[in-house]
Amino acid sequence: MKFPAPVTLDWMANLIDAEVLGNSTITPTGINEIHKVETGDIVFVDHPKYYNTCLQSAASVIIINSKDVTIPNGKALLYTADPFEAYLKIVDYFKPFTPSTKAISETAVIGEGSVVMPNCYIGNRVIIGNNTIIHPNVTIGDDCIIGNNVVIQAGTVIGSDAFYYNTKKNRQVWFKRMKSCGHVVIEDNVEIGAGCTIDRGVTAETRIGSGTIIDNQVHIGHDTKVGKNCLFAAQVGIAGAVVIEDGVTLWGQVGVSKTLTIGKDAVVLAQGGVPSDLEGNKVYWGTPTQEASIKRRELVWIKRIPELWKKVMEANS
Amino acid sequence: MKFPAPVTLDWMANLIDAEVLGNSTITPTGINEIHKVETGDIVFVDHPKYYNTCLQSAASVIIINSKDVTIPNGKALLYTADPFEAYLKIVDYFKPFTPSTKAISETAVIGEGSVVMPNCYIGNRVIIGNNTIIHPNVTIGDDCIIGNNVVIQAGTVIGSDAFYYNTKKNRQVWFKRMKSCGHVVIEDNVEIGAGCTIDRGVTAETRIGSGTIIDNQVHIGHDTKVGKNCLFAAQVGIAGAVVIEDGVTLWGQVGVSKTLTIGKDAVVLAQGGVPSDLEGNKVYWGTPTQEASIKRRELVWIKRIPELWKKVMEANS
Amino acid sequence: MKFPAPVTLDWMANLIDAEVLGNSTITPTGINEIHKVETGDIVFVDHPKYYNTCLQSAASVIIINSKDVTIPNGKALLYTADPFEAYLKIVDYFKPFTPSTKAISETAVIGEGSVVMPNCYIGNRVIIGNNTIIHPNVTIGDDCIIGNNVVIQAGTVIGSDAFYYNTKKNRQVWFKRMKSCGHVVIEDNVEIGAGCTIDRGVTAETRIGSGTIIDNQVHIGHDTKVGKNCLFAAQVGIAGAVVIEDGVTLWGQVGVSKTLTIGKDAVVLAQGGVPSDLEGNKVYWGTPTQEASIKRRELVWIKRIPELWKKVMEANS
């Protein structure tokens, strides 16, 4: 999330009740979580395990619960006992939860030739392009951007909050949601089926590339970036912060784990489970996915175990 | 389901056109199906295979289609030719289907600080606690109870009817639904994603324990009891009458079969299929689930079959 | 799709800017895609690979992008450079997209004793029988037909458009949707859970046979024909143009590939993946599905590989 304008560090320190260390002249331009952080951004970290990743990231300002770290040249720290609460305070300040009381927010913009069917909810500051059809009972959350010639079928939800939590098993409530201040971008000529859910970015964006087609009941997690002309069959599930390059095909019920990359024009056959990066231009199958030809040979080998057993018994007798 | 007040057996026998046998002084206080039956309850049974289970259960009164059984001490029978139809008659009497014509029923109670976004349906006698957010296009069926600080994202359905049928393959319509008269309880601090479905109890309750977080497109069956601080990733499916203890993690697309127990702090990895009870504090994988370490070793062994084959061929030559 | 009345070939040729070849006296009565084409119908084909299938099909008229074919006796061709665009033009002419601006279209017919709960969308020319309950937030698209004594639970979508595209990877947008002009028929006594999606036929119908029961979050593709008294558990996914005969049981999260047949009374156990035809009256399991008894034996054999390895090592030492 970018702020409406750069802010001074003193103002920010005051907002979150923090102490400024390092380069106090920086005027941060936004806030992002570590996967999406850019120069000018604030990031936060509350566990020593991740201190270095955050200090060495593109972030200009690090909200942190320790003074006992080396501040990289030119950067600043905002020291506070609870960086996670500080993050929530900043998000609440810039993106307070303001439910539209109308089904279609007055701040939403709907392009020429576009149709929004009955019983849809279109949130605050949503932008819908031209010649786009939003079928009934669709929900589009605040700040999402929908392109031209897009089709979104009935019951689909665009811009649900990210499933992304601060987890501490030593408190009564283990999981506290990192409030999402990101959004979803659906590019031109995308078609999305019925009953799908596409989560918004935690602090940045979830993006579906132009010309991609998505069947019913597909789930796409926060901050995932889907390329152009991809095809996802029904009931595919994709976790958060995944990169799916152009022309990828995922057949029915495929599951994709988080923060991995699937290369250009790769194909994953039905019910495959993708645990880590896949090279492009190949066909995969199984849980965990292997190249489909290897997986098929394995299934043949499994069928030969009884024969093998018999041979061994004969040889040993 | 408990009745508003205890009823006499004679009144009940008259309602369902049954004959009272045994202790006619009992005043039953409710009706429940066999998995959930408590002292004071009526239960019904129409197949000799289950006569004994029902007679020996906590039920005080058994609706049954045979007189040729031994009535346990202090209990009563309601003898009738079709116990299933009698069950339906009782449920229809105490919980007649009364669709609210308004999107938010006038008998629903919504707590302070809670927000119900546009296009939601809130059924009769629903209770929603304080500081809870119900996103757009959510459906909450009759009699469900939602706690404080709960989040329910768009398009989710709480309190759909149980998938629970009386099956007889010798009639034209094989399946007749056991009308649900149960409900759903969502405890405090629970967060539920978009496009989820949580069925009500058939006669009792489906319960989601406090602090549990649920991603998008998760299905939870009737009468399932989920503990505190559990985490269910997207597209998990849990059948009916399951017990999931505190702190359990189910990763994406895991399937859980009915009437089993998953122990405290167990973890099931993505796409696992759970056919029977799992001990707590362990990590599981595969269909059917095994401990993940065993499953991983098996995958390595499968890869060694060709090598094994070669060794046997060499030895035999 | 049948036309309101037979049309002359000249009129049709003029509509799509085509040249008539062969028997110009035919008056086509409808248009269908190749899987569903009947005598009197127009079909279209734009790839030489499928020329023969279409020419030899039941179609009376073939829209085609070549004159260099043998016209079967009594049939006619409509020659045009882009048969796919011609198809779209015909569908747009006879079934223009006309979104109802009201949540329940004035052309919808709802039978006696039926209840449509709040926040539903009922499209143009929908017919709903008697004593049917449509729960909240359901979407029923244009021209769908719902029988008597049907239950459709909350959030379900009936009649979403088919996931069926004209694919050409040498143009900027690879996928162009074949506009659906088909519909869905739900026969009597069918019960459909919450959060399901049932696509309409591309040009013909998707049909759910009487007495079939469907749990939550089930997806059924276009032109699939489901028999009577089937049972589909939660999160089952069925692709397009499948035939499922009477009495079939699919347990949770089963996936079924396209254009195959599952025989009468077959059972597929949870998470099975069906890649091709299954004979009736058997129990199947696994991905790809095998008879369950064979699959179970395989799992036992896999567990014996280490023992086998040991035997071979001992014999070779």
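What follows draws every value from the coordinates through simple rules; no lab data is involved. Predicted model only: the values in this text are computed from it and were never measured. All Cβ positions, glycine included, derive from the backbone under ideal geometry; neighbour counts span all protein chains shown.
A few remarks follow.
- Highest-fluctuation residue, B:Thr107, B:Thr80, B:Thr53 considered, GNM on chain B with Cα pairs under 10 Å: B:Thr53
- Electrostatic dipole magnitude of chain C [Cβ: Lys, Arg +1; Asp, Glu -1; Cα centre; debye, to 20]: 980
- Amide H to amide H, with H built 1.01 Å from N, B:Gly30 comes under 5 Å of B:Phe3, B:Ile42, counting only residues 5 or more places away or on other chains.
- Radius, Kirkwood style, for the range A:83-154 when every pair of distinct Cα atoms is counted (Å): 13.0
- Convex hull volume of the protein assembly as shown per residue (C-alpha atoms, cubic angstrom): 208
- If you take the Cα centroid of the range B:281-314 and the Cα centroid of the range C:1-74, the two points sit 55 Å apart.
- Think of it as helices only: each DSSP H run of n ≥ 4 in chain B is worth -39500 (n - 2.57), and spread over all residues that comes to -5000 deg cm²/dmol at 222 nm.
- Formal net charge of residues neighbouring B:Ser105 (Cβ-Cβ distance under 11 Å; K, R +1; D, E -1): -1
- Per-residue HN-Hα couplings for the range B:85-101 [Karplus 6.51, -1.76, 1.60; θ = phi - 60°; Hz; x = Gly/Pro]: 5, 5, 4, 4, 5, 5, 5, 4, 5, 8, 10, x, 5, 10, x, 5, 7
- Across identical copies of the chain, B:Arg296 has label-point separations of 3.0, 3.0 nm, listed in ascending order, with the point defined 7 angstrom from Cα along Cα→Cβ.
- For the range C:109-291, the fraction of C-alpha pairs more than 26 angstrom apart is 29%.
- Among the residues of C:198-207, the average count of other protein chain beta-carbon atoms within 10 Å of the residue beta-carbon is 1.
- Cα-based equivalent ellipsoid, the range B:36-148: semi-axes from gyration tensor eigenvalues, Å: 41, 15, 10
- Under 12 Å from a label point set 7 Å out along the Cα-to-Cβ vector of C:Tyr50, the amide N atoms of the range C:132-175 belong to C:164-168.
- Stokes-Einstein translational diffusion, the range B:184-260 - Kirkwood Rh over all Cα pairs, 1.306 mPa s, 10 °C, in µm²/s: 136
- Chain C shape via C-alpha gyration tensor axes, a/c threshold 1.5: oblate
- Between copies, the label points of A:Asp68, set 7 Å from Cα on the Cα→Cβ line, lie 8.1, 8.1 nm apart, reported in increasing order to one decimal in nanometres.
- The distance from the alpha carbon centre of the range C:220-246 to that of the range A:138-198 is 29 Å, rounded to a whole number.
- 28 Å Cα-Cα threshold exceeded, pairs from B:Lys225/C:Lys264; B:Lys264/C:Lys310; B:Lys311/C:Lys303; C:Lys36/C:Lys176; A:Lys36/A:Lys67; B:Lys49/C:Lys295: B:Lys225/C:Lys264; B:Lys264/C:Lys310; B:Lys49/C:Lys295
- The convex hull of the Cα atoms of the range A:179-223, projected and averaged over all directions, covers 2.9 nm².
- Candidate aspartates and glutamates - alpha carbon under 20 Å from B:Lys282, same-chain residues fewer than 8 apart omitted: B:Glu245, B:Asp246, B:Asp265, B:Glu291, B:Glu298
- For C:Ile104, the point set 7 Å out from Cα toward Cβ sits 2.2, 2.2 nm from its twins in the other copies, listed from shortest up.
- 20 °C / 1.002 mPa s Stokes-Einstein diffusion coefficient of the range A:9-94, Kirkwood radius on C-alpha pairs, µm²/s: 174
- D_trans [Stokes-Einstein, Kirkwood Rh over alpha-carbon pairs] for the range B:116-191, 10 °C, 1.306 mPa s, µm² s⁻¹: 116
- Along the range C:288-302 the Karplus relation, 6.51 cos²θ - 1.76 cosθ + 1.60 evaluated at θ = phi - 60°, assigns HN-Hα couplings of x, 4, 10, 4, 4, 5, 5, 4, 5, 5, 4, 5, 5, 4, 4 Hz to successive residues, with x for each Gly and Pro.
- Using θ = phi - 60° and Karplus 6.51 cos²θ - 1.76 cosθ + 1.60, couplings along the range A:67-80 (whole Hz; Gly, Pro as x): 9, 8, 9, 8, 7, x, 3, x, 9, 10, 9, 10, 8, 7
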